[in-house]
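Let me begin by presenting the structure, written as structure tokens, before commenting on it.
Each value in this text was obtained by applying a stated rule to the coordinates, not by laboratory testing. Note that the structure is a prediction, hence the values are computed from the model and not measured. Glycine also receives a Cβ, built like all others from the backbone with ideal geometry; neighbour counts cover every protein chain displayed.
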Amino acid sequence: MRVFRYPGRTLAGDYIRSVAGMSLGFGVLLSVPPTPAIIMVFGGVAGVFSLFGLRTVQRHVTKVAVTDAEICNVGFRTSALCWGDLGQIKLRYYGTKRQERGEGGFMQLTLKGGGRSMTYDSGIEGFKYIAWRAAKAARDNDLSVDPASAGNLLALGLDADGEAPPPKI
């Protein structure tokens with residue numbers, strides 16, 4: 001079994017954005033006379049960034065365990081997906097035009113099957129290993145992988161039939 005997490009340094013920017021957004025929203029709400037428009041707009045801003053902060057905390061405390069039989073998330077709630085139940089794999093790249101030239105961006109892996117959906121982004125330790133294991137399960141289950149996902153797997157240098165990459169990639 002291999003266990004991975006999102007390191008704090010990867011989530012630091014999300015924590016900063018969350019606190020900044022909540023500070024703006026709640027700061028305006030507490031400093032100006034309330035009107036329905038101000039409450040809706042800045043209350044909405046504070047609410048959205050509060051939810052974003054909670055999602056960041058959830059990612060920070062979640063551990064992802066990968067075995068030959070399943071992938072399991074352990075955190076505020078626990079969920080598992082057996083590799084034999086995998087029904088869909090998507091690997092997407094997100095970035096700006098500048099980032100597409102190799103200057104950043106991130107990938108997001110979505111796994112669906114057995115009534116569950118799990119999503120991981122490339123900030124997690126062992127992302128390359130998780131993507132390789134998912135690609136191997138897709139091949140073992142005779143799943144077709146969409147062209148964008150197949151291209152992104154190749155961009156990561158992954159071959160579902162090849163040797164697994166080291167866990168800390």
Under 20 Å between alpha carbons - lysine pairs in the chain that sit 8 or more apart or on different chains: 11
Note to self, the chain gives a 222 nm [θ] from helices alone (DSSP H runs n ≥ 4, -39500 (n - 2.57) apiece, / all residues, nearest 500) of -14500 deg cm²/dmol
Over all Cα pairs of the chain, the Kirkwood radius sets Rh, and Rg/Rh then becomes 1.07
Among the chymotrypsin sites (Phe, Trp or Tyr not before Pro) within the range 15-124, which fall in a DSSP loop and have no more than 16 other Cβ atoms within 10 Å of their own Cβ? Phe76
Would you mind telling me the antiparallel percentage of the DSSP bridges in the range 68-155, rounded to 5? 100 percent
Please report, largest first and rounded to whole Å, the three semi-axes of the ellipsoid equivalent to the range 68-155, where each semi-axis is the square root of five times an eigenvalue of the C-alpha gyration tensor. 23, 16, 10
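So what is the relative contact order for the chain, in percent, with contacts set as C-alpha pairs under 8 Å and at least six apart? Present the calculation step by step, with values, prior to reporting the outcome.
Numbers: 255 pairs, mean separation 34.0, N = 169.
Relative contact order for the chain comes out at 20 percent.
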Positive dipole terminus of the range 68-155, leading residue within Leu81, Leu154, Ile130 (C-beta point charges): Leu154
The range 118-150-the range 1-21 distance, computed between alpha-carbon centres (Å): 22 Å
Along the Cα→Cβ direction, 7 angstrom out, place labels at Asp121 and Phe52. What is the inter-label distance in nm? 1.0 nm
Jot down the per residue volume, in cubic angstrom and as a whole number, of the convex hull over the alpha-carbon atoms of the range 2-61. 59 Å³
What distance in nm separates the simple spin-label points at Leu29 and Ala80, each placed 7 Å from Cα in the Cβ direction? 4.0 nm
Rounded to 0.05, the calculated FRET efficiency for the beta carbons of Ala65 and Phe106 at R₀ = 22 Å is 0.50
Size of electric dipole in the range 68-155: Cβ of Lys, Arg +1 and of Asp, Glu -1, about Cα centre, debye, nearest 20: 280 debye
